[in-house]
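A.B. asks: Dropping a structure here in structure tokens format, bear with me for questions.
The values are calculated or read from the model by the stated rules, or taken from the named source; none is laboratory data. Remember, it's a predicted structure, so these values are computed and weren't measured experimentally. A quick note on method: Cβ atoms are made from the backbone with ideal geometry, for glycine too, and the neighbour counts reach across all protein chains shown.
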Amino acid sequence: MAYSLDLKNTEDFNSLVKVKPLYTSGIPIGIIAVNLIYPKLPGNVANASTFRFPVLYEIVDFEIEELFRGDEKIKQQIIEAARKLEAQGVRAIVGACGFFAHFQKDVREAVNVPVFMSSLCQIPIISTGLKEEKKIAVIAADGKSITNRLLEKVGATNSRLVVFNVGDWESFSPIRYGKTELDNGALTRDLENLAKDIAENHREIGGYSS
């Protein structure tokens with residue numbers, strides 16, 4: 001007997017199949033996303049076409065600034081979203097914003113599937129591969145919120161980071177403040193210029209996260 005999530009070959013498909021009581025199946029990744037309205041183009045974590053495999057979203061509803069600060073009052077809502085995703089059979093859970101790092105440990109302990117709530121989870125891996133003198137660039141929607149309190153939740157510190165804040169860019173403001181029109185060309189140019197500046201003027205940087 002095979003479970004529907006574990007079908008690997010023709011023999012499995014032709015055997016007796018048992019399913020768990022789920023309304024859907026075969027979704028490997030669950031994504032927790034803030035209910036923030038702006039144009040989410042392909043490449044954005046909150047755009048399902050970004051991925052070459054099925055994903056399942058669970059929405060949390062609060063102000064983005066509350067996530068930036070890591071307000072304790074939103075923690076339970078995030079945990080419940082993770083539990084809903086786990087109950088639908090996802091194999092791992094991620095967050096659609098780097099500042100979900102505030103709740104990495106809380107969500108990890110609340111469910112029984114792997115949890116990577118933030119792109120900042122990459123920092124320890126990047127650090128391991130770089131020479132000691134090299135720094136890591138972090139491009140952030142709210143640079144002042146990249147604190148040691150936040151980084152500790154993902155096993156990192158700011159000792160090797162150089163933070164670049166893009167939250168006050170006009171081109172980034174639709175994402176930062178939830179607007180319905182986005183000049184993606186302008187944002188792309190601004191990000192390209194920032195990347196060129198980092199490469200040319202910050203030779204101490206050997207890796208990136210955003």
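A.B. asks: Of Glu86, Glu66, which residue is over 13 Å from the mean Cα position of the chain (by Cα), surrounded by 15 or more Cβ atoms within 10 Å (Cβ to Cβ) and touching a residue at least 12 places away in the same chain (Cβ under 8 Å)?
C.D. replies: Criteria check complete, one pass: Glu86.
A.B. asks: Inside segment 54-96, can you point out the residues that are farther than 10 Å from Val34 by Cβ, touching a Leu at 6+ places or on another chain (Cβ under 7 Å) and of a type in the set (Val, Ile, Thr)?
C.D. replies: Val90, Ile93 - these are the residues of segment 54-96 that are farther than 10 Å from Val34 by Cβ, touching a Leu at 6+ places or on another chain (Cβ under 7 Å) and of a type in the set (Val, Ile, Thr).
A.B. asks: Which of the residues spanning segment 168-184 are surrounded by 12 or more Cβ atoms within 10 Å (Cβ to Cβ) and either assigned by TED's automatic domain parsing to the domain that holds Ile64 or over 21 Å from Glu66 (Cβ atoms) (or both)?
C.D. replies: Matches in segment 168-184: Trp169, Ser171, Leu182, Asp183, Asn184.
A.B. asks: Let me ask you something else. If I ask for residues that are of a type outside the set (Lys, Arg), part of a loop (DSSP other than H, G, I, E, B) and in contact with a Phe, Trp or Tyr (Cβ under 9 Å, 6 or more places away or on another chain), which ones from segment 5-25 would you list?
C.D. replies: Those that are of a type outside the set (Lys, Arg), part of a loop (DSSP other than H, G, I, E, B) and in contact with a Phe, Trp or Tyr (Cβ under 9 Å, 6 or more places away or on another chain): Leu7, Val19.
A.B. asks: So, in segment 107-126, exactly how many residues are free of Cβ contacts under 8 Å to residues at least 40 places away in the same chain and either over 14 Å from Ile79 (Cα atoms) or of a type in the set (Gly, Ala, Ser) (or both)?
C.D. replies: Result for segment 107-126: 5.
A.B. asks: Which one of the conditions (1) touching a Pro at 6+ places or on another chain (Cβ under 7 Å); (2) at pLDDT 95 or above does Ala156 fail to meet, given that it meets all the rest?
C.D. replies: (2)
A.B. asks: What do you reckon, is Lys196 touching a residue at least 12 places away in the same chain (Cβ under 8 Å), part of a helix (DSSP H, G or I) and either of a type in the set (Lys, Arg) or assigned by TED's automatic domain parsing to the domain that holds Glu65 (or both)?
C.D. replies: It is false that Lys196 is touching a residue at least 12 places away in the same chain (Cβ under 8 Å), part of a helix (DSSP H, G or I) and either of a type in the set (Lys, Arg) or assigned by TED's automatic domain parsing to the domain that holds Glu65 (or both).
A.B. asks: Oh, and also: Of all residues in segment 134-152 being farther than 17 Å from Leu191 by Cα and without any contact (Cβ under 8 Å) to a residue 60 or more places away in the chain, which is surrounded by the fewest Cβ atoms within 10 Å (Cβ to Cβ)?
C.D. replies: This residue is Lys144.
A.B. asks: What about Ala96, is it surrounded by 17 or more Cβ atoms within 10 Å (Cβ to Cβ) and either assigned by TED's automatic domain parsing to the domain that holds Leu151 or closer than 25 Å to Ser173 by Cα (or both)?
C.D. replies: Yes.
A.B. asks: Quick check: is even one residue across segment 95-108 under 13 Å from the mean Cα position of the chain (by Cα) and in a strand (DSSP E or B)?
C.D. replies: For segment 95-108, residues under 13 Å from the mean Cα position of the chain (by Cα) and in a strand (DSSP E or B): present.
A.B. asks: Which of the residues spanning segment 194-210 are exposed (fewer than 14 other Cβ atoms within 10 Å of the Cβ) and either touching a helix residue (DSSP H, G or I) at 6+ places or on another chain (Cβ under 9 Å) or within 19 Å of Leu41 (Cβ to Cβ) (or both)?
C.D. replies: Residues satisfying the conditions do not exist here.
A.B. asks: Additional query: Conditions: (1) surrounded by 13 or more Cβ atoms within 10 Å (Cβ to Cβ); (2) under 20 Å from the mean Cα position of the chain (by Cα). Thr188 meets all but one. Number of the miss?
C.D. replies: Of (1) surrounded by 13 or more Cβ atoms within 10 Å (Cβ to Cβ); (2) under 20 Å from the mean Cα position of the chain (by Cα), only one is false for Thr188: (1).
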